[in-house]
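Asker: The structure is given below, and queries will be raised subsequently.
The values are calculated or read from the model by the stated rules, or taken from the named source; none is laboratory data. Since the structure is predicted, the reported quantities are computational estimates derived from the model, not experimental observations. Ideal geometry is used to build each Cβ from the backbone, glycine not excepted, and the neighbour counts take in all protein chains shown.
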């Protein structure tokens with residue numbers, strides 16, 4: 001594999017995605033085109049597969065729509081547009097939920113780091129627990145979306161890692177155990 005920086009590989013990918021020819025890109029970086037093919041061939045195959053699915057789907061949609069009267073075709077497009085808008089908004093909400101999870105989990109972690117393990121204040125523990133609970137609730141949509149994507153993607157073309165977290169209660173238990181480890185009295 002050619003000795004290029006991460007930034008250079010990123011730039012190569014951007015150029016390929018814009019449609020630049022692999023041979024021209026390789027020449028500009030003074031590397032063999034096979035290095036680029038080796039680096040991006042799996043990603044390119046996955047991209048090509050998705051593009052082919054989109055084209056095939058669009059052809060099937062066009063055939064189905066052509067069987068409908070013009071007025072119903074417009075209704076179908078309007079409904080599809082609304083559903084895509086709703087999907088995008090839900091994905092955006094999941095993103096914000098994940099960001100909220102991150103902030104609240106960070107706040108709970110910060111509070112737990114400040115605990116005096118020799119003199120545990122139950123009010124502080126309750127605050128940490130409340131922050132953790134709200135954080136986990138905020139992440140529900142994001143976890144559900146990721147799990148849905150992971151389950152609906154065939155392993156051969158999966159680009160997202162499959163999550164091992166089955167549900168949020170596992171995370172809550174793990175966080176509680178970590179917290180208890182921090183406040184456990186030293187056994188000397």
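Asker: Do we find a residue being surrounded by 14 or more Cβ atoms within 10 Å (Cβ to Cβ) and modelled with pLDDT under 90 anywhere in region 23-31?
Answerer: The answer is no, given that none of the residues of region 23-31 is surrounded by 14 or more Cβ atoms within 10 Å (Cβ to Cβ) and modelled with pLDDT under 90.
Residue by residue, here is whether (1) more than 30 Å from residue 20 (Cβ to Cβ); (2) in contact with a strand residue (DSSP E or B) (Cβ under 9 Å, 6 or more places away or on another chain); (3) surrounded by 14 or more Cβ atoms within 10 Å (Cβ to Cβ); (4) assigned by TED's automatic domain parsing to the domain that holds residue 4 holds:
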{"residue": "63", "(1), (2), (3), (4)": "yes, no, no, yes"}
{"residue": "79", "(1), (2), (3), (4)": "yes, no, no, no"}
{"residue": "112", "(1), (2), (3), (4)": "yes, no, yes, no"}
{"residue": "131", "(1), (2), (3), (4)": "yes, no, yes, no"}
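Asker: Test residue 101 against the criterion of being part of a helix (DSSP H, G or I), at pLDDT 85 or above and under 24 Å from residue 47 (Cα atoms), and give yes or no.
Answerer: Spelling it out, it is not the case that residue 101 is part of a helix (DSSP H, G or I), at pLDDT 85 or above and under 24 Å from residue 47 (Cα atoms).
Asker: Please give the number of the condition residue 118 fails out of (1) at pLDDT below 90; (2) over 30 Å from residue 11 (Cβ atoms); (3) assigned to a helix (DSSP H, G or I).
Answerer: Among (1) at pLDDT below 90; (2) over 30 Å from residue 11 (Cβ atoms); (3) assigned to a helix (DSSP H, G or I), the lone unmet condition for residue 118 is (3).
Asker: Give me the pairs: first residue in region 1-22 and over 15 Å from residue 38 (Cα atoms), second residue at pLDDT 85 or above, beta-carbon distance under 6 Å, and six or more apart or on different chains, which are they?
Answerer: 15/25
Asker: Just a yes or no: is a residue in region 130-142 closer than 30 Å to residue 47 by Cα, assigned to a loop (DSSP other than H, G, I, E, B) and modelled with pLDDT under 90?
Answerer: Yes.
Condition check ((1) exposed (fewer than 10 other Cβ atoms within 10 Å of the Cβ); (2) out of contact with any strand residue (DSSP E or B) (no Cβ under 9 Å at 6 or more places or on another chain); (3) in contact (Cβ under 8 Å) with a residue 12 or more places away in the chain) across all residues:
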site: 46; (1), (2), (3): no, yes, yes
site: 58; (1), (2), (3): no, yes, no
site: 67; (1), (2), (3): yes, yes, no
site: 73; (1), (2), (3): no, yes, no
site: 84; (1), (2), (3): no, yes, no
site: 87; (1), (2), (3): no, yes, no
site: 95; (1), (2), (3): no, yes, yes
site: 105; (1), (2), (3): no, yes, yes
site: 139; (1), (2), (3): no, yes, yes
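Yes or no, residue by residue, for (1) under 23 Å from the mean Cα position of the chain (by Cα); (2) outside the structural domain of residue 148 (by TED's automatic domain parsing); (3) in a helix (DSSP H, G or I); (4) on the phi < 0 side of the Ramachandran plot:
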position: 53; (1), (2), (3), (4): yes, yes, yes, yes
position: 60; (1), (2), (3), (4): no, yes, yes, yes
position: 83; (1), (2), (3), (4): yes, no, yes, yes
position: 87; (1), (2), (3), (4): yes, no, yes, yes
position: 90; (1), (2), (3), (4): yes, no, yes, yes
